[in-house]
């Protein structure tokens with residue numbers, strides 16, 4: 001080995017290129033190798049598998065795969081926004097578009113693939129897109145705003161992801177597939193038609209066996225697609241997602257051996273025809289095959305890194321398992337192993353359930369003893385178990401169908417993780433075995449999923465194995481007798497529940513005091529708001545008072561809800577949803593005067609959007625004068641108690657639900673809790689107030705009230721459970737007092753009552769014992785804490801506008817009276833809304 | 001703006017810049033931020049504890065594309081002082097402006113100090 005460090009140049013910073021760099025660092029390469037990489041995109045490697053979530057709940061930052069500071073810390077030279085345009089194999093040099101020249105000792109091509117655009121006349125018209133990068137998504141999103149109809153060409157895995165994205169953008173969405181069924185590579189005709197039915201139920205129109213002949217534009221705008229069967233489809237935009245092609249132009253340019261239909265030929269060490277050059281991921285061709293999934297790409301990275309470092313036990317690449325499990329448009333689809341029963345003598349068993357919308361097929365060996373593959377549509381919960389059975393060649397039960405219909409009496413019990421051999425591959429994306437996961441848990445004393453995932457990489461690919469990994473972790477911890485750690489954050493080595501106890505027992509009144517006694521460091525955005533909430537629910541001091549102001553999330557700090565452009569929305573309390581015409585008029589006047597976008601919320605209130613920080617006190621001065629008070633919509637606090645009109649007006653109502661709702665809302669207003677709290681009161685069993693979907697809900701009966709708790713709407717709806725029946729109002733209030741304080745004291749941070757309840761050992765019986773029978777002997781204390789809250793309630797806004805020191809904070813600039821000059825609005829349906837990035841750009845050029 | 005304040009050269013690139021007086025340090029509640037207009041720039045200034053320790057970074061949050069950084073929560077990660085963006089909660093090193101969650105993103109950091117009870121920013 002020469003003395004000087006060798007140069008390893010990795011062309012491409014996608015998922016696989018980045019994985020290779022991570023592996024090189026992990027395997028200690030940095031003392032012998034200079035690692036250099038080129039990233040053509042404006043950002044470092046991100047999770048392309050989860051790309052469609054960019055339109056839902058993830059930002060570009062959430063999608064990143066690169067640990068903060070990873071490249072700097074490990075001395076990796078990265079050329080951003082630059083791509084290699086030439087390889088000189090003779091002089092072992094690469095040259096980039098920006099003119100950078102780098103010499104290499106070894107070169108790895110991880111250039112990935114590009115979306116295939118079928119050669120259809122008009123395929124380059126304005127309004128046509130591909131779906132590969134965040135920039136592609138930004139372009140699609142911008143164009144979708146002026147479109148009503150979108151078509152995805154290609155009904156494969158990525159095409160359906162893309163259809164989901166268009167649907168989420170509010171477009172009428174169509175999928176056009178050339179083959180006679182959706183996902184032709186993964187699933188069979190029966191599975192395909194089940195999937196089609198499910199997807200059409202969701203409002204996406206599926207057109208199979210369609211050969212597009214022309215894309216027609218009219219007046220410079222996309223108009224329609226014409227098909228070989230003489231039909232046509234009108235559309236405003238088209239996204240091509242008809243498969244991928246290897247990015248192999250560099251390899252072609254420098255004369256590496258290529259496949260007939262493209263792809264850089266590699267051997268089992270991932271070396272190309274030039275032994276100094278490797279190719280991995282979707283640009284590489286192994287035995288005539290391109291592997292368009294991330295798991296085989298990661299395997300290639302593993303093999304190449306071993307080989308580069310001359311690891312004695314180097315693995316070799318021998319093709320890859322193309323098993324996949326996905327959720328497409330909310331429909332589970334999985335396919336694994338020999339899914340089309342190509343093994344001679346193999347048999348198929350299939351169960352289709354048109355009512356449940358599920359289709360499950362197993363392919364078993366000729367003797368019926370081994371599982372060879374399968375297809376699952378509509379319900380893929382058995383995927384993990386089935387994959388393990390197949391990969392570990394475990395014997396099948398006598399009646400393999402029992403694996404597909406586990407609810408049947410006498411069915412085989414579900415496989416426990418303990419029965420798997422240590423060699424069982426749990427995460428196929430990152431090739432992690434059960435043995436490796438168990439070793440990590442035991443040797444490094446890992447006790448939580450995030451760390452386990454980080455250390456082993458298990459579950460960080462497609463995520464399909466996460467439930468199995470979780471089971472493994474729990475089983476191992478149980479065996480080791482370890483209690484699962486639940487620390488709030490790095491500053492407090494206590495769970496929220498423990499901290500709450502310490503705070504109350506020690507009569508601690510400020511964050512600094514709590515930190516000095518029980519924590520370390522300066523705190524962070526996790527512990528500060530959590531402690532702020534605990535202090536508020538315990539001592540009910542104003543959240544803007546000096547020692548507390550720095551703990552509050554911006555919503556609490558400005559007593560309003562921050563919006564995407566940095567302005568706020570204002571929601572005054574409207575107890576029980578009852579409001580006088582006079583007050584309604586004031587709301588309208590205020591909205592008009594301050595030019596606020598106005599919307600009725602789902603909780604029977606009025607929300608006024610677009611208020612600047614400097615306007616908030618002026619708005620609230622008007623509202624307080626008119627008799628309104630803070631609605632606490634900004635806090636993790638009681639929001640509203642929704643009600644129906646009840647027996648006062650309704651011919652069916654049996655009790656006065658509105659009066660009770662107002663009373664309950666006024667009792668618990670301002671109560672801060674681990675998460676927001678919602679409630680409702682219905683005047684009869686028709687349940688117009690939807691009380692069974694609330695944290696606590698009350699339904700009138702002929703004899704009194706029924707109390708439901710721990711229900712939830714939102715992301716994971718959950719039906720509330722019935723805690724007490726036919727109780728009078730006094731008992732009802734007593735039970736709610738106890739329930740709420742018990743929850744506030746014991747729940748984790750940001751844990752809704754439903755999740756808290758699901759984790760409560762002993763479940764509903766236990767909850768009834770604590771709340772109704774007072775089995776812990778704390779009922780009196782819980783009630784006293786609530787009474788203290790009720791007695792010390794103040795309207796946070798009224799106190800604020802009466803206090804000059806607090807008012808001082810409601811300015812955009814500390815040293816100038818100007819408002820935020822960056823705000824920009826456009827009109828829509830007669831009201832203002834924030835301008836989009838594209839609109840801002842246009843407005844700026846006009847000005 | 002205090003034009004006449006002597007500018008001690010801290011590093012070559014600050015040589016051409018000058019110190020601007022912003023406000024009394026007592027106007028910034030301990031462990032919170034304020035937003036200041038410095039020439040035409042929006043600058044978020046944070047005060048650590050009840051001290052004269054102040055830091056300044058650009059008020060523009062690159063993730064939400066809004067001018068809101070001054071409204072973030074001040075804290076630390078493994079001892080590194082930081083502020084969490086108020087909208088999507090990415091963390092930024094208070095001293096350098098570097099994003100701790102995305103190595104490709106960085107806020108401009110401005111030299112900041114307290115002189116005679118006045119917060120000053122060099123820009």
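Return the residues of region A:549-582 that are assigned to a helix (DSSP H, G or I) and facing chain B (nearest Cβ under 10 Å); say none if nothing qualifies. A:549, A:554, A:555, A:557 - these are the residues of region A:549-582 that are assigned to a helix (DSSP H, G or I) and facing chain B (nearest Cβ under 10 Å).
Just for strands (runs of 3 or more DSSP E) wholly inside region A:65-135: which have at least 1 residues that are more than 14 Å from chain B (Cβ to nearest Cβ) and touching a residue at least 24 places away in the same chain (Cβ under 8 Å)?
Numbers: elements: A:77-80, A:84-88, A:93-96, A:101-103, A:106-109, A:113-115, A:128-130.
The strands (runs of 3 or more DSSP E) meeting that bar are A:84-88, A:93-96, A:101-103, A:106-109, A:113-115, A:128-130.
Return the residues of region A:465-516 that are part of a loop (DSSP other than H, G, I, E, B) and touching a strand residue (DSSP E or B) at 6+ places or on another chain (Cβ under 9 Å); say none if nothing qualifies. Hits for region A:465-516 are A:465, A:488, A:490, A:491, A:493, A:494. Any idea how many residues of region B:74-123 are buried (at least 19 other Cβ atoms within 10 Å of the Cβ), closer than 23 Å to residue A:63 by Cα and away from chain A (no Cβ under 11 Å)? Total meeting the criteria: 2. The residues listed here are A:749, A:738; of these, the one that is surrounded by 15 or more Cβ atoms within 10 Å (Cβ to Cβ) and within 29 Å of residue A:654 (Cα to Cα) is A:738.
The residues of region B:67-104 that are under 24 Å from residue B:39 (Cα atoms) and in a loop (DSSP other than H, G, I, E, B), listed by number, are B:68, B:72, B:85, B:94, B:95, B:96, B:97.
If a residue must be within 9 Å of another protein chain (Cβ to nearest Cβ) and in contact with a helix residue (DSSP H, G or I) (Cβ under 8 Å, 6 or more places away or on another chain), how many such residues does region A:810-831 contain? Matching residues across region A:810-831 total 1.
Looking only at region A:720-733, decide whether some residue is within 32 Å of the chain's Cα centre (by Cα) and either crowded, with 23+ Cβ neighbours inside 10 Å or on the phi > 0 side of the Ramachandran plot (or both). Checking region A:720-733: at least one residue is within 32 Å of the chain's Cα centre (by Cα) and either crowded, with 23+ Cβ neighbours inside 10 Å or on the phi > 0 side of the Ramachandran plot (or both).
So which of A:78, A:140 ends up being touching a helix residue (DSSP H, G or I) at 6+ places or on another chain (Cβ under 8 Å), at pLDDT 90 or above and under 30 Å from residue A:7 (Cβ atoms)? I'd like the intermediate steps shown before the answer.
Details: A:140 fails: under 30 Å from residue A:7 (Cβ atoms).
Only one candidate qualifies: A:78.
When we screen A:480, A:458 for residues that are surrounded by fewer than 23 Cβ atoms within 10 Å (Cβ to Cβ), farther than 30 Å from residue A:788 by Cβ and touching a helix residue (DSSP H, G or I) at 6+ places or on another chain (Cβ under 8 Å), the only hit is A:480. Scanning region A:515-548 for residues that are more than 14 Å from every other protein chain (Cβ to nearest Cβ) and either closer than 28 Å to residue A:801 by Cα or crowded, with 19+ Cβ neighbours inside 10 Å (or both) yields A:534, A:535, A:536, A:537, A:538, A:539, A:540, A:541. Is it the case that residue A:805 is in contact with a helix residue (DSSP H, G or I) (Cβ under 9 Å, 6 or more places away or on another chain) and surrounded by 13 or more Cβ atoms within 10 Å (Cβ to Cβ)? The answer is no for residue A:805. The set of residues from region A:425-476 being under 26 Å from residue A:319 (Cα atoms), in contact (Cβ under 8 Å) with a residue 60 or more places away in the chain and within 22 Å of the chain's Cα centre (by Cα) comprises A:428, A:429, A:430, A:461, A:462, A:464, A:465, A:468. Before we move on, is residue A:631 more than 14 Å from chain B (Cβ to nearest Cβ) and either within 26 Å of residue B:47 (Cβ to Cβ) or out of contact with any strand residue (DSSP E or B) (no Cβ under 7 Å at 6 or more places or on another chain) (or both)? The answer is no for residue A:631. Got at least one residue in region B:20-42 being outside any strand (DSSP E or B), more than 9 Å from every other protein chain (Cβ to nearest Cβ), out of contact with any strand residue (DSSP E or B) (no Cβ under 7 Å at 6 or more places or on another chain) and surrounded by fewer than 24 Cβ atoms within 10 Å (Cβ to Cβ)? For region B:20-42, residues outside any strand (DSSP E or B), more than 9 Å from every other protein chain (Cβ to nearest Cβ), out of contact with any strand residue (DSSP E or B) (no Cβ under 7 Å at 6 or more places or on another chain) and surrounded by fewer than 24 Cβ atoms within 10 Å (Cβ to Cβ): present.
Yes/no per residue for (1) surrounded by 19 or more Cβ atoms within 10 Å (Cβ to Cβ); (2) without any contact (Cβ under 8 Å) to a residue 60 or more places away in the chain; (3) in a loop (DSSP other than H, G, I, E, B):
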residue	(1), (2), (3)
A:181	yes, yes, yes
A:184	no, yes, yes
A:191	yes, no, no
A:198	yes, no, no
A:203	no, yes, yes
A:216	no, no, no
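Of all residues in region A:297-325, those being surrounded by 18 or more Cβ atoms within 10 Å (Cβ to Cβ), part of a loop (DSSP other than H, G, I, E, B) and modelled with pLDDT of 85 or more number 1.
Within region A:585-624, the set of residues being closer than 23 Å to residue A:690 by Cβ and either in a helix (DSSP H, G or I) or in contact with a helix residue (DSSP H, G or I) (Cβ under 6 Å, 6 or more places away or on another chain) (or both) comprises A:604, A:606.
Just to be sure before I move on: is residue A:34 away from every other protein chain (no Cβ under 14 Å) and part of a loop (DSSP other than H, G, I, E, B) in the structure I sent? Here the answer is no, as residue A:34 does not meet what is asked.
The values are calculated or read from the model by the stated rules, or taken from the named source; none is laboratory data. Here the structure is a predicted model, which is why all the values come from computation and not from measurement. A quick note on method: Cβ atoms are made from the backbone with ideal geometry, for glycine too, and the neighbour counts reach across all protein chains shown.
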